[in-house]
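First comes the structure, then the notes that go with it.
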Amino acid sequence: MFRFSPNPNLAHLVHWFEWEDDAFAKARERDRPVMVFLSAFWCRYCQRMDEGAFSDRENMALLNVYFVALRVENAKRPDIDARYNLNGWPTIAFLSPKGKLLAAANYLPSDECKEFLLNVYMEYEQRKSEVRLSENIETSDLAATRKIARDLPSLSSVREITNAVLAMADRVNGGYGSGQKFIQADASDFLLSCYELIGDVSCLDHVRLTLDRMRESPIYDEKEGGYFRTTTGADWAQPHREKLLAEQAGLLANCLRVFRITRRPEYARMAEEIIGYLDKKLFDPSKPAFFGCEDFLRRENEKQETAEEFFTIMDECVYTDANARAIVAYLDAAEGLNRSDCKARALGILEFLWHRSRSELEGMFHYFDDAPRVPCLLTDQAHMGMALVRAFHATGEGDFLARAKKLADFILVHLTNPDGGYYDRGASELGFFGARLTLIDQNGVAALFFLMLADAIKERQYLEAALWALRAFGGEFAAHGLDTALYGQALGQYLSLPAMDSTTIKP
């Protein structure tokens, strides 16, 4: 289902493809380059491309005659986003019929887009034989593999990751970095795990500073509740007006964990406020599950920035990984805030995902709209697995562990990288459309899942599976930035196991 700008536009007249298999089949049939338009549901510049460049009749004619146009959203296809995103949205990538990257750009006004289309097509026509030769040399997963690290990263690696995260910490405003601020809940969760593992008070203090500054700043929506995804300035004062489920769930988990550690009532209040927003705005009782995002768009004829100048649109897709994170947070809220309604809601969502967004052969699907879409992504199997183990601890029902074990075995069979770690997606006949990647953040999630499962069912194979993810990375962790947070959390958990559990694992 294509989603165009809600403002007037003609972008639907471009002959878009939604799925890469169909697009590349048509590209090979017609010998035409593929234009991948990578957008985000809430991205205003993406919407302006619809209203401008893709509503220009000359551009539409060029695209329909000389290209095959593939339209992709980052939230629906995180695997494609990881391969072709050019530092933001929109990204416009041009590929040969066998997937070789020819050119890429970000936002283009109508005239610049026209010139870019002409240049890409002429260059492709003139260099076609050279492009085909290079296509035949490339292989599917060659660029994405690494030899497994011979030594398991040690406690010094956890300290290295901690120091790298704290080096990015803004000690005045909270958060991470000195410019545009994002919620970065995983980084805060890592610091909290460091506090609980080694007692470093500076880690706890920074998370508390971050939560305090966010709550008192415009990134928190005082009128409607919830937190906006990002702000332009370091002081959280200029928010971009979109609220994503994944960020709300991560921030809720941060608040609940700080409340459990400190027993300070302000963090319980923050958690209650986030739950109130999620229940009121993002929850769809007909499924039941949470929507992916609420976006606020400015009315084009308004000048003043007032609440009345914005209208909202909802991303009504049900994303498995984001909903799974919400399930874990709601089960934590049920325990920490004595909210039985949160437990009931979490378990209801879990059942919906398991029965409506999964198959025995393809595992969890990434999202559900009118049907389940995009199977076999690592992030969905791992996050859903963690939610199932958490549900077992909340209910004592063994069926949740049986389900988690199915997802763990699915990862081991379909996503294991023989050179170490786990691929981000399953094998595809379009292996040339971006090699399968072994990503440190997703392997961190997988390791956390395997550790949770190993602790719950006491089966050594899942401890070994966690080790397989952890040993795939080593060296300069700081180069990965905040993407190391989940990996660092899993590594810390593994190294804190009793000595006989953590040192007798065979590679």
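The values are calculated or read from the model by the stated rules, or taken from the named source; none is laboratory data. Note that the coordinates shown come from a computational prediction; the quantities given were computed from them, not determined experimentally. All Cβ positions, even for glycine, are placed from backbone atoms using ideal geometry, and neighbour counts span all protein chains on display. Remember, those area values only see protein heavy atoms, side chains included, never the ligands or the DNA or RNA. Shrake-Rupley method; radii C 1.70, N 1.55, O 1.52, S 1.80 Å.
Divide the volume of the convex hull around the Cα atoms of the stretch 16-85 by the residue count and you get 79 Å³ per residue. Using only the Cα atoms of the stretch 11-148, each taken as one equal point scatterer with no solvent, compute I(q) by the Debye sum, divide by I(0), and report log10 of the ratio at q = 0.09, 0.14, 0.19, 0.20 Å⁻¹. Summing over Cα pairs of the stretch 11-148 leads to -0.26, -0.63, -1.15, -1.26. Computed over the stretch 150-287, the P(r) tail beyond 22 angstrom holds 38 percent of alpha carbon pairs. Over the stretch 403-507, accessible surface divided per residue gives 38 Å², non-protein components excluded, 1.4 Å probe.
Heavy-atom accessible surface of THR262, to the nearest 10 Å², is about 40 Å², with a 1.4 Å probe and all protein chains retained. When MET168, MET270, MET386 are compared by accessible area at a 1.4 angstrom probe, the order from most to least is MET168, MET386, MET270.
Would you please classify the overall shape of the stretch 219-280 from the alpha carbon gyration tensor, given that a ≥ b ≥ c denote the square roots of the eigenvalues, rounded means a/c under 1.5, and beyond that prolate means a/b larger than b/c while oblate covers the rest? Prolate, because a/c is 1.5 or more and a/b exceeds b/c.
For the stretch 78-123, a/c is not less than 1.5, where a ≥ b ≥ c are the root eigenvalues of the C-alpha gyration tensor, and a/b does not top b/c. That puts it in the oblate class.
Measuring nothing but how far apart in sequence close Cα pairs (under 8 Å, 6+ apart) lie, relative to its length, the chain scores a relative contact order of 13 percent. Residues in the stretch 68-110, backbone N under 16 Å from the label point at GLU429 (7 Å along the Cα-to-beta-carbon vector): list them, ranges by number please. Correct set: 98-99.
Label reach from LYS280 (point 7 Å along Cα→C-beta): in the stretch 210-233, amide nitrogens under 18 Å belong to 215-229. Rounded to the nearest Hz, the phi-derived 3J(HN,Hα) couplings of the stretch 447-453 under the Karplus curve 6.51 cos²θ - 1.76 cosθ + 1.60 (θ = phi - 60°) are 5, 4, 4, 4, 5, 4, 5, where x marks glycine and proline. Between THR416 and ASP22, the modelled label-to-label distance comes to 3.6 nm, taking each label 7 Å out from Cα in the direction of the beta carbon. Here the 3J(HN,Hα) profile of the stretch 204-217, calculated from phi with Karplus coefficients 6.51, -1.76 and 1.60 at θ = phi - 60°, is 5, 4, 5, 5, 5, 4, 4, 5, 4, 5, 5, 5, 8, 10 Hz, Gly and Pro shown as x. Can you work out the FRET efficiency for the pair ASP200 and ILE261, with r the C-beta to C-beta distance and R0 = 22 Å, to the nearest 0.05? With a Förster radius of 22 Å, E is 0.95.
When the surface is traced with a 1.4 Å probe over the full set of protein chains, VAL328 keeps roughly 40 Å² accessible. Which whole-percent values make up P(r) of the chain when all C-alpha to C-alpha distances are grouped in 20 Å steps starting at zero? P(r) over the chain, rounded to whole percents: 22, 56, 22, 1.
Extent along the principal axes, Cα only, for the stretch 165-231: 39, 22, 18 Å, with the longest axis given first. Packing-based ranking of 356-363, 60-67, 448-455 yields 448-455, 60-67, 356-363, ordered from highest to lowest mean Cβ neighbour count within 10 Å. Of all DSSP-defined beta bridges confined to the chain, some 80% are antiparallel rather than parallel. Normalised per residue, the accessible area of the stretch 241-292 is 35 Å², obtained with a 1.4 Å probe and no contribution from ligands, DNA or RNA.
Each semi-axis of the equivalent ellipsoid for the stretch 395-440 is √(5λ) with λ an eigenvalue of the Cα gyration tensor; in descending order they amount to 28, 11, 8 Å. Over the stretch 381-478, the pair-distance histogram of Cα-Cα distances with 10 Å bins from zero comes to 16, 46, 27, 9, 1 percent, rounded to whole numbers. Within a straight-line Cα-Cα reach of under 18 Å, LYS26 can be paired with the following aspartates and glutamates, leaving aside sequence neighbours fewer than 8 residues apart in one chain: GLU18, GLU125, GLU135, GLU429.
Scalar couplings 3J(HN,Hα) for the stretch 17-27, obtained by applying the Karplus form with A = 6.51, B = -1.76, C = 1.60 to θ = phi - 60°, are 10, 9, 10, 5, 4, 5, 5, 6, 4, 5, 5 Hz; x denotes Gly and Pro.
Largest accessible area first, the residues LYS343, LYS280, LYS128, LYS243 order themselves as LYS280, LYS343, LYS128, LYS243 under a 1.4 Å probe with ligands, DNA and RNA left out. For the stretch 274-416, the square roots of the Cα gyration tensor eigenvalues, ordered a ≥ b ≥ c, give a/c of at least 1.5 with a/b no greater than b/c, which places it in the oblate category. Under 5 Å between amide hydrogens, built in the peptide plane, is the criterion, and for VAL374 it picks out HIS366 among residues at least 5 positions away or on other chains. Solvent-accessible area per residue in the stretch 305-397 equals 37 Å², computed with a 1.4 angstrom probe and all protein chains kept.
For the chain, carbon and sulfur atoms together expose 51% of the accessible surface, with a 1.4 angstrom probe and every protein chain in place.
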